[in-house]
Amino acid sequence: MTPDLDQLRADLLAAIDASAGVDALEAVRVHALGKQGAITGLLKTLGALSPEERQTVAPGIHALREAVTNAIGARKADLEAKALAAKLASERVDLTLPVDRPAPGGVHPVSQVMDELAEIFADLGFAVATGPEIEDDWHNFTALNIPETHPARAMHDTFYAQRRSPQGEETASAAGAAQAASDDGGSATGAPERYVLRTHTSPVQIRTMMAQKPPIRIIAPGRVYRSDSDATHTPMFHQIEGLVIDRGIHMGHLKWTLETFLKAYFERDDIVLRLRPSYFPFTEPSAEVDIGYTLEKGRRVVGGDPAKGNGGWMEVLGSGMVHPKVIAACGLDPNEWQGFAFGTGVDRLAMLKYGMDDLRPFFDGDLRWLKHYGFSALDVPTLSGGVTA
């Protein structure tokens, strides 16, 4: 190694050792190994040398570059370790400060009300039943005594889905459609089966009556779909329906069940019911159920008797005795078995109980709305403490 390389090596190593910080060390690295650095300049001269000269000079330059590079790496690690130690020595953690907790999630009001309703009806001996949201025409309409000419079957009221064959064709053979209907428990008429997004949870009642023997006491909560959208309606919403099938069932059982349910849900003993004659294809007789409300500071509050003034009636439920044709369609003898059914909108019940005046925010996905109206995951409904305790 030539004296010039020895001197350069000594100067650079001394500068590295004398670097008081990472910035100073970086300046030394640029001076030695940068594009215009001293060692880089020596490497550039190798191209002008003869092969014999290069074999003599090159090893020394490369050894110098390696020594300087290693020295810079070691010095940088030492400086960083000292800086970290100094930082740790100067900083302290105050363990008495409150912890920044992450924002907790919230339970949607619809989910909360579903749990409240399930708790109430479980206490009355009802089980929870579920079914598919894509239903065949037979379960959704025909078995419920809804005739072919009923407006509910119209395209502007119902979302229809086209049945597809395994090959992706949109139509199936009459035999295949008949077999599919038969497999689903429907009517094997030979006509292609139509599928719909269920318009109510009543098909769950049909499937339950066909799958198990009476007595039956179920509620059927879930999502339903109708081609309707405005300030008070959405294409997808939530329903809960109830069904009781047994011997000797009459309207008195229906009224008592609904009255008990509504008192428990609204947590008020002054709930007054009014049953108005109505028409539903699947019940006979049928009744709309109204509950009384009173005016408090200009707002409607559920509870109280409208006959005493300062109030009125609001519709909350549809109900009735299960039509004998529906019972017969499920393979039961309507002369032996009777029952009642009822249904209501879960979203509407949530609005009435918790003071919401617009249905659309239920489905907007706005976290600000959910933070205001949502529930803690620990707010599990129990009848012992009140469903909202």
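The values are calculated or read from the model by the stated rules, or taken from the named source; none is laboratory data. For clarity, every value in this text was computed on a predicted model and none was experimentally measured. Here the Cβ positions follow ideal geometry from the backbone for every residue, glycine too, while neighbour counts run over all protein chains shown. Surface areas here come from the heavy atoms of the whole protein model, side chains and all, with no ligands, DNA or RNA. Shrake-Rupley method; radii C 1.70, N 1.55, O 1.52, S 1.80 Å.
Summary table
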item: Set GLU80, GLU91, GLU116, GLU135: member being among the acidic types (Asp, Glu), more than 31 Å from the chain's Cα centre (by Cα) and at pLDDT 90 or above; result: GLU80
item: All positions within region 46-60 that are open to solvent by less than 70 Å² (accessible area, probe 1.4 Å) and either modelled with pLDDT of 90 or more or farther than 19 Å from ILE72 by Cα (or both); result: LEU46, GLY47, LEU49, SER50, VAL57, ALA58
item: Residue match in region 25-37 (condition: among the acidic types (Asp, Glu) and more than 52 Å from the chain's Cα centre (by Cα)); result: yes
item: Unique match (being at pLDDT 90 or above and open to solvent by less than 30 Å² (accessible area, probe 1.4 Å)) among ALA27, ALA67, ALA127; result: ALA67
item: Counted residues, region 107-140 - those being in a loop (DSSP other than H, G, I, E, B) and either touching a Pro at 6+ places or on another chain (Cβ under 8 Å) or more than 18 Å from LEU349 (Cα to Cα) (or both); result: 8
item: In region 226-260, the residues that are farther than 19 Å from GLN205 by Cα and either touching a helix residue (DSSP H, G or I) at 6+ places or on another chain (Cβ under 8 Å) or of a type in the set (Val, Ile, Thr) (or both); result: ALA231, THR232, THR234, MET236, THR260
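Conditions (1) in the same structural domain as GLY320 (by TED's automatic domain parsing); (2) among the hydroxyl-bearing types (Ser, Thr, Tyr); (3) more than 27 Å from the chain's Cα centre (by Cα); (4) modelled with pLDDT under 90, marked per residue:
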position	(1), (2), (3), (4)
VAL224	yes, no, no, no
ASP228	yes, no, no, yes
LYS263	yes, no, yes, no
ASP290	yes, no, yes, no
